[in-house]
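Report on the structure given below.
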Amino acid sequence: MKELIKKLTETFSPSGREEKIREVILEEIKPYVDEYEVDKLGNLIVHKKGNGKKILLDAHMDEVGFVVTYIDDKGFIRIEPVGGVNPANLLYKRVQFESGAVGTVGIEGETVKQLQENYKNITFDNIYVDIGAKSREEAEKRVKRGMFGGYTTNLEVLGDRLMAKSMDDRIGCAVVIQTLKELDSSPNDVYAVFAIQEEVGLIGATVSAFGIEPDMGIAVDVTGWGDTPKGMKRLAITLGDGPAIKVKDRYMIASKSVVDLLVKTAEENEIPYQMEVLLYGGTDGAMIQKTKKGIPTGVVSIPCRYVHTQSEIVDYNDVLNAVKLLKFTLKKEMK
Amino acid sequence: MEDIELLDKLTSTPGVSGSEEKVADVIIEEIKGLCDEYHTTPLGSVIALKKSTSGRAKGKIEISAHMDEIGFVVAKIEEGGYLRLATVGGVDPKILSSQEVTIISHTGREYKGVIGALAPHLQTEKERKEQPSHDTVFVDVIGLSEDEVRANIRVGDTVTMHAPILRLMKNRIVGKSLDDRICVLANIKLLRELNKMIFDWDVYVVFSSQEEIGSPGARTATYEIEPDVGIAIDVTIGDIHGVKEKLPKLGKGPVLGLGPTCSPKIAGDIKKIAKEINVPLQLEASVRTGTDADSMFLVGKGVPIAVLSIPLRHMHTTVELIDMDDVNNLVRLLVEYIKQLDKTYEEAFL
């Protein structure tokens, strides 16, 4: 599964520009589903037919990034975030653009004092991207206003841990793909959506469940962590302790029926798990849950450190156990 | 059941957003004989339908009161078995120190706890000046060792504030979760009245889930109902000592919301009818209503909405204070509005 994770995380597709990642996912999953569709907004919806309850899995395929707002006379590029990008993460890091152009990020400062001030308060107003161009004309051959950009890092294997950009939420995509690959049979009618534009407001998930009208939704996404030096003291999430079953975050309270089902399945099959109460953030699950008359929805989360940076770290065992948990859940006969 | 007795039961039953089953049970027990049909939605709201008794059902009206309350879930179990909390809805950390709480375990059992406080003797100069925050709040579970805590309580278990039972002084009531159990009571009283009268429209009385975290309960219930008129009944901030701003007064009648999302037609009809039947009515302007109505408004092709509120002091504390006269007047107003729906809408089409 590491090959799959490598392929997914190294594909560059920020929110609104999901074409590339959609192709990669489709190629991976096509042999394992009965039918698929790309909806009007660009969500990839796959279907593995069954006679039982309709269950919708969700993982979002976009990643955070930025968009070009202005290119100056000297060829320096100004950007705005697409999704939750901390500008401090970008400084002096390599970045890439849709066109394949690469560059790095610099910061303004006319005096040493001002530079020191700016370092303390890095904003999108005092940083710029340098692609080595000497003029606007030269820059515009590689990068245009409105073009999207983002992180460019490769997957690194760090013992049991994996580090890459866009683990949020390519690791969720990997889990859903692997689950469907391993799901030889299910008494349920299984759909999975690889959703667009989660990072800019759960856009894909606002419509994905509308046509399907599932009986239950399960989003697969990353969650925070509390196991690093002076880490969040009210966050009881530890990498390697198992996939997290969400109770709540800022955007939703997971439906009790789904939480109970996931916990029961984990316990019956001796899959390690942890309960998740996240003090911030939200997932596609929040939108799926309030679709139409309401859809009981839960979230299986992969504990992930340094979310929304170039160096997101997950534990491979949590990933494998998430696949196991979903597989056994889908195999269950539902009332 | 007497109003106060029922209200006591409603407010002492836990129903933190997302865990409304127990309070829903109390409500269902009360309304099942008062409506034609009822059911619980996938998100846990209760919808009761009282069909038109004139047989002229020309439209559908939804009246929604939320049954959830603010509270907490366990965020982390710390060394010693102390609990850290995550809030559900808007809880002010300043009111928490020395509160009693109830922990509702996933096993179904309940445990008592207190939100502890550092003795003044032990506080440093700096600590004395510091404001409490949710990062400093912890629960001391009473009578359980750390091992027992870990065996019986897990991250995600619900925690509610445990307040003394309702107290009644003249028409005033003090208690916890009067936001919005007082309107749950109003909705039940409304159903009782509907059983005694002739009216033209189908009335959907909704007890919604999860208002305190953004109203997915009302939104999905409204999608199902597709009402022609939607009214949220909730509480609003009543006049309070030390606030110069002109706030609605307790005992001076229900409060009609006016704002860009509120239907001028419904508001106009309500104002007119209040005058006709001599119900005092206060007005309140707001850009967003901050109630279920904000969600109901945007469902499907859109729903014309109104908000009627009970003025309440000390909101989101365990000593919420209301005047029962306002509740009775709210019910009278809703009854008359429902009675006249056919007439007001016929006139509107002329």
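So which of B:Pro254, B:Pro280 is away from chain A (no Cβ under 14 Å) and more than 18 Å from the chain's Cα centre (by Cα)?
After applying the criteria, what remains is B:Pro280.
The residue that is nearest to the other protein chains (Cβ to nearest Cβ), among those in the range B:180-191 that are charged (D, E, K, R) and open to solvent by less than 10 Å² (accessible area, probe 1.4 Å), is B:Asp180.
Would you be able to say whether some residue in the range A:130-139 is in contact with a Leu (Cβ under 7 Å, 6 or more places away or on another chain) and in contact (Cβ under 8 Å) with a residue 12 or more places away in the chain? No, because not a single residue in the range A:130-139 is in contact with a Leu (Cβ under 7 Å, 6 or more places away or on another chain) and in contact (Cβ under 8 Å) with a residue 12 or more places away in the chain. Filtered by the rule that a residue be closer than 25 Å to B:Gly290 by Cβ and out of contact with any helix residue (DSSP H, G or I) (no Cβ under 8 Å at 6 or more places or on another chain), the range B:21-75 gives B:Ala24, B:Gly71, B:Phe72, B:Val73. I'd like to know if the range B:192-211 contains one or more residues that are within 14 Å of another protein chain (Cβ to nearest Cβ), of a type in the set (Asp, Glu) and not in a strand (DSSP E or B). Taking every residue of the range B:192-211 in turn, at least one turns out to be within 14 Å of another protein chain (Cβ to nearest Cβ), of a type in the set (Asp, Glu) and not in a strand (DSSP E or B). Quick check on the range B:113-150: of everything there that is more than 14 Å from chain A (Cβ to nearest Cβ) and among the basic types (Lys, Arg), which residue is farthest from B:Gln99 (Cα to Cα)? For the range B:113-150, the residue satisfying everything is B:Lys126. Residues that are more than 8 Å from chain B (Cβ to nearest Cβ) and not hydrophobic (A, V, I, L, M, F, W, C) number at least 1 in the following strands (runs of 3 or more DSSP E) confined to the range A:252-322: A:297-305, A:312-315.
Checking B:Phe207, B:Phe199 one by one, the residue that is in the same structural domain as B:Arg332 (by TED's automatic domain parsing), under 30 Å from A:Glu276 (Cα atoms) and out of contact with any Gly (no Cβ under 7 Å at 6 or more places or on another chain) is B:Phe207 and no other.
Picking from A:Lys40, A:Lys20, which residue would you name as being assigned by TED's automatic domain parsing to the domain that holds A:Tyr191, of a type in the set (Lys, Arg), outside any loop (DSSP other than H, G, I, E, B) and surrounded by fewer than 16 Cβ atoms within 10 Å (Cβ to Cβ)? Exactly one of A:Lys40, A:Lys20 is assigned by TED's automatic domain parsing to the domain that holds A:Tyr191, of a type in the set (Lys, Arg), outside any loop (DSSP other than H, G, I, E, B) and surrounded by fewer than 16 Cβ atoms within 10 Å (Cβ to Cβ), namely A:Lys20.
On inspection, A:Gly149 passes the criterion of being in a strand (DSSP E or B) and either touching a strand residue (DSSP E or B) at 6+ places or on another chain (Cβ under 9 Å) or open to solvent by 70 Å² or more (accessible area, probe 1.4 Å) (or both).
Does B:Ser19 satisfy being within 14 Å of another protein chain (Cβ to nearest Cβ), open to solvent by less than 10 Å² (accessible area, probe 1.4 Å) and of a type outside the set (A, V, I, L, M)? No; evaluated as a whole, the condition is false for this residue. Is it the case that A:Ile237 is more than 8 Å from chain B (Cβ to nearest Cβ), in a loop (DSSP other than H, G, I, E, B) and open to solvent by less than 10 Å² (accessible area, probe 1.4 Å)? Spelling it out, A:Ile237 is indeed more than 8 Å from chain B (Cβ to nearest Cβ), in a loop (DSSP other than H, G, I, E, B) and open to solvent by less than 10 Å² (accessible area, probe 1.4 Å).
Please go through the range A:1-49 and pick out each residue that is within 21 Å of A:Phe210 (Cβ to Cβ) and among the small types (Gly, Ala, Ser). A:Ser15, A:Gly16, A:Gly42 - these are the residues of the range A:1-49 that are within 21 Å of A:Phe210 (Cβ to Cβ) and among the small types (Gly, Ala, Ser). Using the structure shown, decide if B:Val88 is open to solvent by less than 40 Å² (accessible area, probe 1.4 Å), within 24 Å of the chain's Cα centre (by Cα), within 18 Å of B:Asp157 (Cα to Cα) and within 12 Å of another protein chain (Cβ to nearest Cβ). For B:Val88, the condition - open to solvent by less than 40 Å² (accessible area, probe 1.4 Å), within 24 Å of the chain's Cα centre (by Cα), within 18 Å of B:Asp157 (Cα to Cα) and within 12 Å of another protein chain (Cβ to nearest Cβ) - is met. Here A:Glu199 clears all of (1) of a type outside the set (S, T, N, Q); (2) more than 14 Å from chain B (Cβ to nearest Cβ); (3) farther than 27 Å from A:Glu312 by Cβ except the condition numbered (3).
Applying the selection to the range B:193-227, what residues are charged (D, E, K, R) and open to solvent by 40 Å² or more (accessible area, probe 1.4 Å)? B:Glu193, B:Lys196, B:Arg219, B:Glu224, B:Glu226, listed by residue number.
The values are calculated or read from the model by the stated rules, or taken from the named source; none is laboratory data. Treat the numbers as computed from the prediction; the structure is a model and nothing was measured. Neighbour counts run over all protein chains shown; Cβ positions are idealised from the backbone, glycine included. In case anyone asks, the SASA skips ligands and DNA or RNA and just uses the protein heavy atoms, side chains included. Shrake-Rupley method; radii C 1.70, N 1.55, O 1.52, S 1.80 Å.
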